[in-house]
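Values quoted throughout were computed directly from the atomic coordinates according to the rules given, and no laboratory measurement underlies them. The model shown is predicted, which means the values in this text are computed figures rather than measured ones. Because the Cβ atoms are built from the backbone with ideal geometry, glycine has one as well, and the counts that use them run over all protein chains shown.
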Amino acid sequence: MNKYSLMLSITFLLLVSSVNAQNEKLQTVFIYNFTKHIEWPPGYSSGDFVIGVLGNSPIIEEIEKLAENRKIGNQKIVVNKYRTIDDIGQCNIIFIPKSKSGEI
């Protein structure tokens, strides 16, 4: 992940974490709309659009519901759950719940 992507991810995480944690639907809509305003590099704009979630979070279910009906561009949305930071693989967006933010 290059410096620009890392800075963008951190900014995104700060924005998402400021949204009330009880509102997974709102957070999911925010994530989906956020993706529309990014020009993804070639390596991230083909294949599946992967949204990673660190730890166990109720947002996983909401993102999976969204993924049933929506795409990002031409990409199918896939949700990957990661138990630890070391488990995180290549993903377009990583969602880190407030409960896991101390691990960064």
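Packing, taken as the mean count of other beta carbons within 10 Å per residue, orders the peptides 23-36, 79-92, 47-60 from highest to lowest as 47-60, 23-36, 79-92.
Here the simple spin-label model places points 7 Å from the Cα toward Cβ, and for residue 90 and residue 46 these points are separated by 1.1 nm. Pairs exceeding 21 Å between alpha-carbon atoms, taken from 25/65; 65/100; 25/98; 36/100; 71/98; 36/98: 65/100; 36/100; 71/98; 36/98. Here the simple spin-label model places points 7 Å from the Cα toward Cβ, and for residue 34 and residue 101 these points are separated by 1.2 nm. Semi-axes of the equivalent ellipsoid for region 53-104, computed as √(5λ) from the eigenvalues of its C-alpha gyration tensor and ordered from largest down, come to 21, 12, 8 Å. Loop-located GluC sites (Glu not before Pro) across region 34-70 with a Cβ neighbour count of 13 or fewer within 10 Å are 39, with loop assigned by DSSP.
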